[in-house]
Amino acid sequence: MAFAACFGGIIFNMLVGVGLGCLLQMTSGQLMVKLELDGLLVWILAGALGLSLVFSFITVPAQCFQLGRGYGVCLLLYYLAFLTVALLTEFKVIQ
């Protein structure tokens, strides 16, 4: 059951998150959903994801796959920094 939840939860989250957003946009009168792929926010999202994956790819084997509190604190601080930059970019403070 836990193995199924690992995959099913992610798929359900994507389907409901994207599907609900598109449904709300379509019910507001816009029948075509447009995705903006050339903005600064897309580069920030991709860069943050890539940097996080590289950091984890290097750090986890270096600690022999036994992660401590420091790794979790680093990830939380990284997430807060990413969230701050993403929100400032979305609200046009950073351009």
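Between ALA81 and VAL54, the C-beta separation translates, for a Förster distance of 22 Å, into a calculated FRET efficiency of about 0.90.
Of the solvent-accessible surface of the chain, computed with a 1.4 Å probe over protein heavy atoms with every protein chain present, carbon and sulfur atoms account for 76 percent.
Counting only protein heavy atoms and a 1.4 Å probe, segment 37-95 has 80 square angstrom of accessible area per residue. For the options VAL42, VAL54, VAL85, a Gaussian network treatment of the chain with springs between C-alpha atoms closer than 10 Å singles out VAL54 as fluctuating the most. Per-residue extension of 0.36 nm, minus the Cα-Cα distance of GLU90 and LEU45, leaves a gain of 15.1 nm for this segment.
Accessible surface for GLU36 stands near 150 Å², nearest 10, in the context of the full protein assembly shown (1.4 Å probe). When the chain is treated as a GNM with alpha-carbon contacts under 10 Å, the residue of PHE82, PHE65, PHE12 showing the greatest mean-square fluctuation is PHE12.
The values are calculated or read from the model by the stated rules, or taken from the named source; none is laboratory data. In this text, all values refer to a predicted model and were calculated from it rather than measured experimentally. FYI the Cβ positions are ideal-geometry reconstructions off the backbone, even for glycines, and counts take in every protein chain you see. Each accessible area value is taken on the protein alone, full model and side chains, heavy atoms only, with ligands, DNA and RNA left out. Shrake-Rupley method; radii C 1.70, N 1.55, O 1.52, S 1.80 Å.
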